[in-house]
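Okay, so here's the structure we're looking at.
Taken together, the values in this text are just the output of simple stated rules run on the coordinates, not laboratory data. Nothing here was measured: the structure is a model prediction, and the numbers come from that model. Please note: Cβ atoms are built from the backbone with ideal geometry, for glycine as well, and neighbour counts cover all protein chains shown.
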Amino acid sequence: MSQIDTSVAKNWQKALELYEDLKSAKIEQTVSTVNALITALCDGDQLQKAMEVLSEMKSIGLRPNSITYSILVVASEKKDDLEAGLLLLSQAEKDKVVPNLVMCRCIIGMCLRRFEKACTLGETVLPHLSH
């Protein structure tokens, strides 16, 4: 692991430790502090853990906002995980968070890559329309 990789891993691990300390000390969590943790996790390539934090966030009564979902959808695009991106978009809708330009660009980008790959491989992308 390079020095940069180690540094990023330590950052998300430290952020997670700090978050656990806040919970243990019964310090009230805010959307901003949870978003900071989600950002650190996503920067550290920990999308799955970040999505778990999103669920926990909602369970303690905090309402994710467009920043929360933007961070997560960008991370899903970095991993080219369209399934996660679409799930997040669906959750955002349930949480009454309107998809923003960043979120839409990420989803469209992942769909476009799949379309281009299918075209390159000669796969049928659209069904033939019968008249």
Handout entry: For the chain, calculated [θ]222 nm from helices alone, where every DSSP H run of n ≥ 4 adds -39500 (n - 2.57)
Key = -23500 deg cm²/dmol
Exercise for the section: Give the longest segment of the chain that steers clear of trypsin sites (Lys or Arg not before Pro) in DSSP loops with at most 16 neighbouring Cβ atoms within 10 Å, not counting the sites themselves. Expected result: 27-78
Fill in the blank from the handout: For SER55, the net charge from surrounding residues (Cβ-Cβ under 14 Å; K, R +1; D, E -1) works out to +1
Completion exercise
With Cα coordinates, the longest principal axis of the chain makes an angle with the long axis of helix 66-78, in degrees rounded to 10, of 60 degrees
Practice task
Just tell me which aspartates and glutamates come within less than 18 Å, Cα to Cα, of LYS49; anything on the same chain fewer than 8 places away is out.
Solution key: ASP5, GLU17, GLU20, ASP21, GLU77, ASP80, ASP81, GLU83
Exercise for the section: Return the loop-located GluC sites (Glu not before Pro) in segment 20-109 (DSSP other than H, G, I, E, B) with at most 10 other Cβ atoms within 10 Å of their own Cβ; answer none if there are none. Expected result: GLU28
Exercise for the section: With only Lys, Arg, Asp and Glu charged, each at its Cβ (+1 for the first two, -1 for the last two), find how big the charge dipole of segment 3-120 is about the Cα centre; round to the nearest 20 debye. Expected result: 240 debye
Exercise for the section: Net charge near LEU37: determine it from the other residues with C-beta under 13 Å of the C-beta of LEU37, scoring Lys and Arg +1 and Asp and Glu -1. Expected result: -3
Handout entry: Label-point separation in nm, ASP95 to VAL74, each point 7 Å along Cα→Cβ
Key = 1.5 nm
Exercise for the section: Could you tell me the largest-minus-smallest coordinate of the C-alpha atoms of segment 3-120 on each of the three principal axes, in descending order and whole angstroms? Expected result: 54, 40, 18
Problem - Surrounding net charge for PRO99, when Lys and Arg each add one and Asp and Glu each subtract one, Cβ distance under 13 Å - result: +1
Handout entry: Simple label model, 7 Å out from Cα along Cβ direction - GLU116 to VAL102, nm
Key = 2.3 nm
Practice task
Before anything else, pin down the relative contact order of the chain: Cα pairs under 8 Å, at least 6 apart, normalised by residue count, whole percent.
Solution key: 17 percent
